[in-house]
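Undergrad: Quick one: the structure is below, and I'll ask about it shortly.
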Amino acid sequence: MTKIAVLGLVGILIAMLLKETAPQFSVYISLASCVLIFFFALERLSYLGSSLREIQGLVEIEDSYLKILLKMVGVTYIADFSSSLCKDAGYSAIAGQIEFFGKISLLSLSLPVFVTLLRTIEQFFVS
């Protein structure tokens with residue numbers, strides 16, 4: 001975490017220094033810092049995936065539910081990441097639309113799990 005914090009702070013400092021002399025480069029520095037931090041986060045996501053597979057073996061969760069969960073995590077991070085970049089670049093309207101689309105995507109991804117949960121509850125009460 002310390003490496004990521006230092007990387008972020010250095011990116012901000014360089015972007016702030018360049019903002020006065022070359023504002024177009026400050027956006028690129030910010031983008032590069034975000035992309036580097038994102039690649040570090042991908043390493044952590046691989047650990048999360050292996051942990052979820054271990055839990056799946058213990059609790060016997062269907063593969064489709066695990067895939068939906070991982071897709072939801074991915075959509076959340078991508079929407080947040082791209083929205084933050086748009087806000088930093090001064091395009092808050094586009095950032096808002098990205099956040100809205102991310103929320104709609106999460107809702108549509110979660111519907112099959114919600115329907116299965118309702119069917120399970122229904123079977124529990126009928127039996």
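The values are calculated or read from the model by the stated rules, or taken from the named source; none is laboratory data. Small disclaimer: the values here were computed from a predicted structure and weren't measured. Methodologically, a virtual Cβ is constructed for each residue, glycine included, from the backbone with ideal geometry; neighbour enumeration extends over all protein chains shown. Accessible surface areas use protein heavy atoms only, side chains included; no ligands, DNA or RNA. Shrake-Rupley method; radii C 1.70, N 1.55, O 1.52, S 1.80 Å.
Undergrad: Measure out, as a whole number of angstrom, how far apart the alpha-carbon centroids of region 67-95 and region 31-58 sit.
TA: Their Cα centres are 16 Å away from one another.
Undergrad: Given a 1.4 angstrom probe, what's the average accessible area per residue across the chain, in square angstrom? Let's see the in-between values first.
TA: On the way: 9830 Å² over 127 residues.
Per residue, the chain has 77 Å² of solvent-accessible surface.
Undergrad: Let me ask something else. Cα to Cα, under 27 Å, and not fewer than 8 places away if on the same chain: which lysines meet these conditions relative to Lys67?
TA: Here the lysines satisfying the reach criterion relative to Lys67 are Lys103.
Undergrad: Quick one: if the Förster radius is 22 Å, what FRET efficiency do Thr116 and Leu58 give, using the C-beta to C-beta distance and rounding to 0.05?
TA: On the way: r = 20 Å, r/R0 = 0.91.
The value I calculate is 0.65.
Undergrad: Based solely on its DSSP helices, what 222 nm [θ] is calculated for the chain when runs of n ≥ 4 H residues each add -39,500 (n - 2.57) and the sum is averaged over all residues, nearest 500 deg cm²/dmol?
TA: Theoretical 222 nm ellipticity from helices: -33500 deg cm²/dmol.
Undergrad: Could you state how much accessible area Ile94 has, in square angstrom rounded to the nearest 10, with a 1.4 Å probe and all protein chains kept in place?
TA: 90
Undergrad: At a probe size of 1.4 Å, how large is the accessible area of Lys3, to the nearest 10 Å²?
TA: 150
Undergrad: Could I ask something else about it? Nearest 0.05, what FRET efficiency do Ser51 and Tyr91 give at R0 = 25 Å with Cβ-Cβ as r? Provide the component values of the computation, followed by the final result.
TA: Numbers: r = 36 Å, r/R0 = 1.44.
Once the sixth-power term is evaluated, E becomes 0.10.
Undergrad: With the full set of protein chains in place, find how many percent of the accessible area of the chain is carbon and sulfur; take the probe as 1.4 Å.
TA: Details: 6970 of 9830 Å².
The nonpolar share, carbon plus sulfur, comes to 71 percent.
Undergrad: Provide, in order from the shortest bin, the percent of all Cα-Cα pairs of region 63-127 in each 10 Å bin, continuing until the bin that contains the maximum pair distance.
TA: P(r) for region 63-127, in whole percents per bin: 21, 35, 24, 13, 6, 1.
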